[in-house]
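So the structure is just underneath, and the comments pick up after that.
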């Protein structure tokens, strides 16, 4: 914490802008809650368009905490008002919010509201009218919260509707209904998430802008956007996925935005306790316990999760602790503040990778017994929401991250044995970031239609401390350098700064046709200050050359990104949409200064740029079916990837060449694909009478073609882009009757290359880092039953016991092939009071 405070004090000049925002928010809060003495009364009636009384409509006095609700006759009354001008607001879910300005005087005032159903152009709840509770996925509304999603490719996962192993965060089950995702399976306990789409690397979901409740959670959102922390699925209400067009609102990532939206405490209970205990194969134990509720103006939610797994392979034990707490205070019906904190730690032993031959001989074996990984993640965030009127809303999020990632072990080629007498390699990272995002949503009339404007800005300051050197020669999780004075390999500080302004506007040209242009201006500065050792060794491991190199570099840049979306809503069941959006991904110096025996990095590696293009059709009919079929094209200029190179080997007096992996801007890439999702309740679709029963089936099908072009690397042009499965299918069926449900899931992923050189696996590459990831398929079966306040779950994953792998790791948790889990079981019991 002391280092975090020191880091922030070093940037006190940049914090002036954030301080002013806080002052404005606090001042605004006091202005809104202030009110004078009251004595008069305002009463009235609320009806719908058919002149029918509406019961339960919330009536607020804007600028105070005074509120009431209508009775069965639609009648309400606000008393104790003093003389003066007031704005009375009426709110009811799925109806347009309305207000009336009144003047209270000596006599009581009577008013009348006539509420209209909510139209999609106005801000509304996320859940659509056409979404059935049996459906596991939908898409985001045109305007949701403080964001615009009109004409964008989006997915909204309803976590509560999933039947599967939530305790283990099984990625292929949670994201089964999101088209085209390539999912890595690195550990059987689900501590880490690795997903990528449209040919983007799934490694720790680094090609998405990953958020929790709307704020960043990755290590460094600019130059090291890897996420070592993944929120537990049991704590989530929904998961939002917005494809590449999200870059205009959320920042520079080609993949788009992934947001984990947590549950909140129930609004109708002062206290609610839930507890879920899960046991599974390979020593899996997960306990999840939460507490939430609403007391007066305070809503709270907190949980604690502990997870332990021995792992399928030797040397793969894991322990994780996860604690979260949030408190929301409603100053008035229009002003609220939310404070939350996340604390997560885990310690994992990593069994290392395998060569191709070893995998096919015995995928359960382990080649490393001294590799350990330790992560600590602390996130603090504060959010303000203020609704000035039914047309104008402000949102502000401030967030801070203090985290660490320590790794110790043997990163040498996996085809070489680990000598227990040799010192291990130790890498220590610490991340200290903070940021602020401010958004304004304004609904206004233009040419007789409702239009919506979003404007916002982002401030972000990151600082990564990275050390690398020799650890001890022990076998336990010891994360101290042998040389106490300096690490011995490298020691760097990587500051990063980002200032961005963005705007989008929905222009509804007709009730059916809309155009949504957007723009984002970015200023990014990344720095590197420190040293590294340039060393070369002979065959016996003796140092034959050594030089300490000092570095002090800075790379500022600024640019604008633009995009436009078009939507035509032909009917309630047919919407045609298209979107074009420019993208950018910053490279940071911390991507360069890592000494990995399996990899060299180009000193001149540079930023990546390009664009996403979507064209699709989607629609739904309440509870019966839902579909979304789209074509996309991703243009990627200067794509970063790995290629094989050769150079003279100094260990043989440069008489023999050696082959090594080289990370650089490989070439431009074009990725063209079809993403489709179709879901239907067969009983309702074919009008089959079945009281309390549903049979829901879905097909998630993606087909992608990719090629490298315009390259400077020999032998790359015309190659397929790595980590792009040509065919990716997930399909399933779920049967529910009352409180019982059973779900079957089938996953099929066609073979893909692991590097830009398109290295084949015949003969296998000795390091196993390059080569084909073969075609695989997996089947899962899960059941769930609820009785009163009890819930029982169970299932079998990979029930055909397929032997497969989803990744070849260059570093941790490898290097080499990382086998996926064989057949495994789980059972769980939960209770809610």
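General remarks:
- Test: residue in the range 430-445 that is more than 30 Å from residue 213 (Cα to Cα) and free of Cβ contacts under 8 Å to residues at least 12 places away in the same chain: yes
- Meets criteria (crowded, with 24+ Cβ neighbours inside 10 Å and within 16 Å of the chain's Cα centre (by Cα)) for residue 217: yes
- Breaking point among (1) under 30 Å from residue 556 (Cβ atoms); (2) touching a residue at least 40 places away in the same chain (Cβ under 8 Å), for residue 486: (2)
- Restricted to the range 749-758, and to residues there that are in a loop (DSSP other than H, G, I, E, B) and on the phi < 0 side of the Ramachandran plot, the residue that is surrounded by the most Cβ atoms within 10 Å (Cβ to Cβ) is 756.
- Test result for residue 695, in contact with a helix residue (DSSP H, G or I) (Cβ under 6 Å, 6 or more places away or on another chain) and either in a strand (DSSP E or B) or under 23 Å from residue 803 (Cβ atoms) (or both): yes
- The single residue among 126, 102 that is under 25 Å from residue 456 (Cα atoms), surrounded by 15 or more Cβ atoms within 10 Å (Cβ to Cβ) and at pLDDT below 85 turns out to be 126.
- Test set (1) on the phi > 0 side of the Ramachandran plot; (2) in contact with a helix residue (DSSP H, G or I) (Cβ under 9 Å, 6 or more places away or on another chain) - residue 199 fails condition number: (2)
- You will find that of 507, 461, the residue that is buried (at least 20 other Cβ atoms within 10 Å of the Cβ) and in the same structural domain as residue 370 (by TED's automatic domain parsing) is 461 and no other.
- Strands (runs of 3 or more DSSP E) (entirely within the range 136-205) containing at least 2 residues that are farther than 25 Å from residue 720 by Cβ: 154-158
- Scanning the range 165-200 for residues that are within 22 Å of residue 433 (Cβ to Cβ) and over 13 Å from the mean Cα position of the chain (by Cα) turns up just one, 191.
- Residue 560 vs. criteria assigned to a strand (DSSP E or B), surrounded by 13 or more Cβ atoms within 10 Å (Cβ to Cβ) and in contact with a strand residue (DSSP E or B) (Cβ under 7 Å, 6 or more places away or on another chain): no
The values are calculated or read from the model by the stated rules, or taken from the named source; none is laboratory data. Small disclaimer: the values here were computed from a predicted structure and weren't measured. Reconstructed Cβ throughout: ideal geometry from the backbone, glycine too, with neighbour counts over all protein chains shown.
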